[in-house]
1. Residue separation times 0.36 nm, minus the C-alpha to C-alpha distance between Asp23 and Arg70: what's the value?
2. Return the distance in nm (one decimal) between the two label points of a simple spin-label model at Arg94 and Ile9, each offset 7 Å from Cα along Cα→Cβ.
3. State which entries of Lys55/Lys91; Lys91/Lys119; Lys4/Lys118 exceed 22 angstrom in Cα-Cα distance in the structure shown.
4. Please give the FRET efficiency for Ser86 paired with Asn110, using the beta carbon to beta carbon distance and R0 = 25 Å, rounded to the nearest 0.05.
5. Given points 7 Å out from each Cα along the Cα-Cβ axis, report the Glu132 to Asp38 separation in nanometres with one decimal.
6. How about segment 84-139: which GluC sites (Glu not before Pro) there are in a DSSP loop, with at most 14 other Cβ atoms within 10 Å of their Cβ?
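Read-outs throughout are calculated quantities, based only on the coordinates presented, and are distinct from any laboratory measurement. The structure displayed is predicted, hence computed values, not measured ones. No Cβ is skipped: glycine too gets one built from the backbone with ideal geometry, and neighbour counts run over all protein chains shown.
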Amino acid sequence: MVKKETEYIHSFKIDESRWQHGDEKENPVTFDSALRMDNGKMCCLGFFAQSCGAKVDSMVGICDPLELVRRYDSNKILSSSTKIKSILSRKDGRDRAEVDALIHANDNGNIPLESRKKKITNLFKKLKVKVEFYNSKEK
């Protein structure tokens with residue numbers, strides 16, 4: 001039996017040097033991450049929203065991309081709203097289950113780094129989104 005390759009509808013990259021996530025040693029269980037923190041770092045969904053065209057400054061303190069859409073879409077501030085909604089929303093407009101799972105995988109400090117990256121990659125794959133991790137600080 002031949003395994004069918006995933007057809008991705010979107011792709012983006014996460015720069016690990018700017019990635020805000022739970023940490024096993026320093027931050028065991030936070031669940032307080034936001035798309036973009038005051039320190040300039042972003043969670044996995046922040047990198048996703050930015051790749052869809054969301055402005056980084058509009059993300060400070062907002063916890064998920066659909067909250068960003070709900071807050072700014074009525075003013076048509078985000079040209080990225082349609083793409084974010086089409087990937088992360090169910091037909092009834094509610095968040096897909098993968099959104100909460102991504103927040104948990106990103107923020108839970110009890111998950112080792114490599115397992116966290118694999119879990120995030122697999123959750124985005126369910127949404128037909130390809131994610132790659134890299135570190136801009138490494139030479």
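1. Values: separation 47, 0.36 × 47 = 16.92 nm, distance 2.96 nm.
Here the segment from Asp23 to Arg70 would lengthen by 14.0 nm.
2. Distance between label points: 1.9 nm.
3. Check vs 22 Å cut-off fails for Lys55/Lys91; Lys91/Lys119.
4. On the way: r = 32 Å, r/R0 = 1.29.
FRET efficiency, Ser86 to Asn110: 0.20.
5. Rounded to a tenth, the inter-label distance reads 3.5 nm.
6. Values: sites: Glu98, Glu114, Glu132, Glu138; in loops: Glu138.
Filter output for segment 84-139: Glu138.
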